[in-house]
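Enquirer: Below is a structure I'd like to ask you about.
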Amino acid sequence: MEFFAIPLLAIILALWVAHSIFLNRRIIDNQKRYHQFFNDSPVALIVIDRHYRIIEWNQAAEAIFGWESDEAEGEDIIEFIVPNFDKAHVTSILQKASAEGISYSKNYNVTKHANEIFCEWRNRRLEGKEGEILCMAQDITVSKKNLDELNKRSAALESAGDAIFYTDEKGLIEFANRSFFLLALKDQNELYGMHIGKYLFKDRLTFNALLPKFDTEHTWRGTIKKSSLSEEKILSVTITAIYHRNRLVSYVANLHDITQITCHVDALTHRAQHDPLTGAINRATMNDRLTHAINRSKRNEQQIALFFIDLNDFKLVNDRHGHEAGDRLLKDVAKNILACLRNSDTVCRYGGDEFIILIEDVKSEEHLQTIHYAINAAINEPIRLDSNIVLRPHASIGVALYPDHAADAQSLIKAADTAMYLVKKEKKINEPVPILCADSHNR
């Protein structure tokens with residue numbers, strides 16, 4: 001038996017040695033794989049002991065924080081890479097990892113070159129390692145800056161004085177700022193999900209027709225009218241198409257309420273172009289319109305009629321009844337003339353008690369006579385100053401035609417004026433009593 005026992009023992013010993021060698025090789029291979037994984041990880045991996053001293057420091061940690069492994073090992077991680085204002089916060093996060101096994105944080109860190117960076121951390125307690133903690137970090141400084149920039153832009157967008165909204169790539173509205181809702185437009189509660197064309201222009205086809213009119217900066221500018229809860233608003237609109245890598249991603253619309261400005265400009269324009277007493281256009285505007293009318297007539301080969309009107313015995317009204325009565329006469333005569341003409345015809349108070357009427361596209365002699373009769377009838381309408389006094393105005397009316405009597409604006413006015421004086425002269429010969437008279441019941 002002893003003879004067989006010795007070889008068996010040798011075999012067992014040989015097997016044990018072989019197994020030990022195999023296990024050692026596996027341990028070594030595992031350690032190599034662990035160190036390879038640890039060092040090649042794109043995430044900064046840092047192992048610290050229970051006193052927060054650095055035990056291991058991989059290549060990603062070197063790249064992020066700037067220190068080599070031999071410079072970092074043995075250092076207190078909090079004192080080493082955490083700025084003073086964040087030390088208490090990081091200490092509490094590591095204490096939580098020691099107590100609960102895991103913790104997360106985002107905090108500021110300092111690099112070897114004293115640069116401040118912002119990192120996202122995941123800390124896990126290593127079991128059976130006497131309180132060692134594996135700290136995993138990613139530098140998210142760029143992401144945070146981008147997020148901060150987006151937050152600032154979002155705040156600026158929300159607080160902008162102009163109304164702004166934007167769409168998705170299909171033109172469906174996704175967001176509108178506070179100033180937009182302050183416009184109090186009637187259909188703004190239905191805004192989200194509505195197509196930009198339907199919202200601003202009532203239909204998509206109108207919007208699509210504008211797309212070729214966008215400028216080189218992919219922008220269109222114009223004005224629209226939208227109803228609010230209290231009035232109709234005039235809005236200045238800027239629409240910009242946003243592209244990313246030649247692909248449309250959004251439309252951004254900027255709306256500015258110009259209702260009051262437009263009304264003020266219209267009022268100033270009206271004041272500059274019209275006679276303040278009668279509301280008829282003034283002499284300067286008349287000259288401008290007549291010039292444009294002649295140019296149109298040249299192109300279209302049409303005839304223009306110019307009526308020059310002078311109220312007869314206007315001075316008598318001022319002398320007998322005062323200047324307020326004279327002003328009333330001028331206003332009512334202008335109102336009556338405007339009422340008998342088309343909107344396209346032009347009535348001008350040319351000066352004092354003189355009026356000019358511009359009629360474009362005269363069709364015939366009969367057409368001209370009809371207009372003449374209507375004007376004369378309007379002027380002859382009685383004007384009641386009070387219960388006792390009624391004015392019965394009359395006028396001398398001269399007519400000149402373009403191109404029959406003159407070839408330019410000033411010559412045509414002069415021709416009509418001359419015709420008026422001939423009519424006035426003839427009336428004075430044939431009518432010995434004043435043509436402008438007043439009826440009074442208390443004489």
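The values are calculated or read from the model by the stated rules, or taken from the named source; none is laboratory data. This is a predicted model, so every value here is computed, not measured. As a convention, Cβ positions derive from the backbone with ideal geometry for all residues, glycine included, and neighbour counts pool all protein chains shown.
Enquirer: Residues of the stretch 187-244 being in a helix (DSSP H, G or I), without any contact (Cβ under 8 Å) to a residue 40 or more places away in the chain and closer than 17 Å to A163 by Cα, which ones? Outline the logic, then answer.
Expert: Filtering the stretch 187-244 down to residues in a helix (DSSP H, G or I) leaves 188-190, 196-201, 204-213.
With without any contact (Cβ under 8 Å) to a residue 40 or more places away in the chain added as a condition, the list becomes 188-190, 197-199, 201, 204-213.
Selection gives Q188, N189, E190, G197, Y199, F201.
Enquirer: Here's another thing I want to ask about it. Provide a single number: the residues in the stretch 245-294 that are surrounded by 15 or more Cβ atoms within 10 Å (Cβ to Cβ), in a helix (DSSP H, G or I) and not polar (S, T, N, Q).
Expert: Here the count works out to 6.
Enquirer: Which of the following residues is closer than 30 Å to T291 by Cβ and buried (at least 21 other Cβ atoms within 10 Å of the Cβ): L401, L391, L330, L368? Working first, answer last.
Expert: On the way: L401 fails: buried (at least 21 other Cβ atoms within 10 Å of the Cβ); L391 fails: closer than 30 Å to T291 by Cβ; L368 fails: buried (at least 21 other Cβ atoms within 10 Å of the Cβ).
Residue meeting the stated conditions: L330.
Enquirer: Restricting attention to the stretch 152-169, and to residues there that are of a type in the set (A, V, I, L, M) and surrounded by fewer than 12 Cβ atoms within 10 Å (Cβ to Cβ), which single residue is modelled with the highest pLDDT?
Expert: Of the stretch 152-169, the ones of a type in the set (A, V, I, L, M) are 155-157, 160, 163-164.
Filter once more, so that each one left must be surrounded by fewer than 12 Cβ atoms within 10 Å (Cβ to Cβ): 155-156.
Numbers: A155: 86, A156: 82.
Selected residue: A155.
Enquirer: Specify the residue that is modelled with the highest pLDDT; the eligible residues are those in the stretch 296-342 that are assigned to a helix (DSSP H, G or I) and touching an Asp or Glu at 6+ places or on another chain (Cβ under 6 Å). First the steps, then the outcome.
Expert: Of all residues in the stretch 296-342, those assigned to a helix (DSSP H, G or I) come to 296-300, 314-321, 323-340.
Checking the rest, the ones that are also touching an Asp or Glu at 6+ places or on another chain (Cβ under 6 Å) come to 314, 336.
Details: F314: 89, N336: 95.
Filtering the stretch 296-342 for residues that are assigned to a helix (DSSP H, G or I) and touching an Asp or Glu at 6+ places or on another chain (Cβ under 6 Å), the one modelled with the highest pLDDT comes out as N336.
Enquirer: Separate question: Scan the stretch 214-244 residue by residue and report those that are within 16 Å of G197 (Cα to Cα), of a type in the set (K, R) and surrounded by 11 or more Cβ atoms within 10 Å (Cβ to Cβ).
Expert: Hits for the stretch 214-244 are R221, K226.
Enquirer: Moving on to the next point. Can you give me the number of residues within the stretch 80-117 that are closer than 13 Å to F65 by Cβ, surrounded by fewer than 17 Cβ atoms within 10 Å (Cβ to Cβ) and under 44 Å from the mean Cα position of the chain (by Cα)?
Expert: Our first condition is that a residue be closer than 13 Å to F65 by Cβ; within the stretch 80-117, this holds for 80-83, 108-117.
Among the residues that remain, those that are also surrounded by fewer than 17 Cβ atoms within 10 Å (Cβ to Cβ) are: 83, 111-116.
Still in the running and under 44 Å from the mean Cα position of the chain (by Cα): 115-116.
Qualifying residue count, the stretch 80-117: 2.
Each row is one residue, and each column tells you yes or no for (1) under 44 Å from the mean Cα position of the chain (by Cα); (2) assigned by TED's automatic domain parsing to the domain that holds E56; (3) closer than 26 Å to I196 by Cβ; (4) not β-branched (V, I, T).
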{"position": "E120", "(1), (2), (3), (4)": "yes, yes, no, yes"}
{"position": "G131", "(1), (2), (3), (4)": "no, yes, no, yes"}
{"position": "L134", "(1), (2), (3), (4)": "no, yes, no, yes"}
{"position": "Q138", "(1), (2), (3), (4)": "yes, yes, no, yes"}
{"position": "K145", "(1), (2), (3), (4)": "yes, yes, no, yes"}
{"position": "Y166", "(1), (2), (3), (4)": "yes, no, yes, yes"}
{"position": "K170", "(1), (2), (3), (4)": "yes, no, yes, yes"}
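Enquirer: Looking only at the stretch 384-394, decide whether some residue is more than 19 Å from E324 (Cβ to Cβ) and not polar (S, T, N, Q).
Expert: Our first condition is that a residue be more than 19 Å from E324 (Cβ to Cβ); within the stretch 384-394, this holds for 394.
Within this subset, residues satisfying the condition of being not polar (S, T, N, Q) are 394.
Within the stretch 384-394, one or more residues are more than 19 Å from E324 (Cβ to Cβ) and not polar (S, T, N, Q).
Enquirer: Now for a different question. Which one of the conditions (1) among the polar types (S, T, N, Q); (2) within 18 Å of the chain's Cα centre (by Cα); (3) under 21 Å from C263 (Cα atoms) does S230 fail to meet, given that it meets all the rest?
Expert: For S230, the exception is condition (2).
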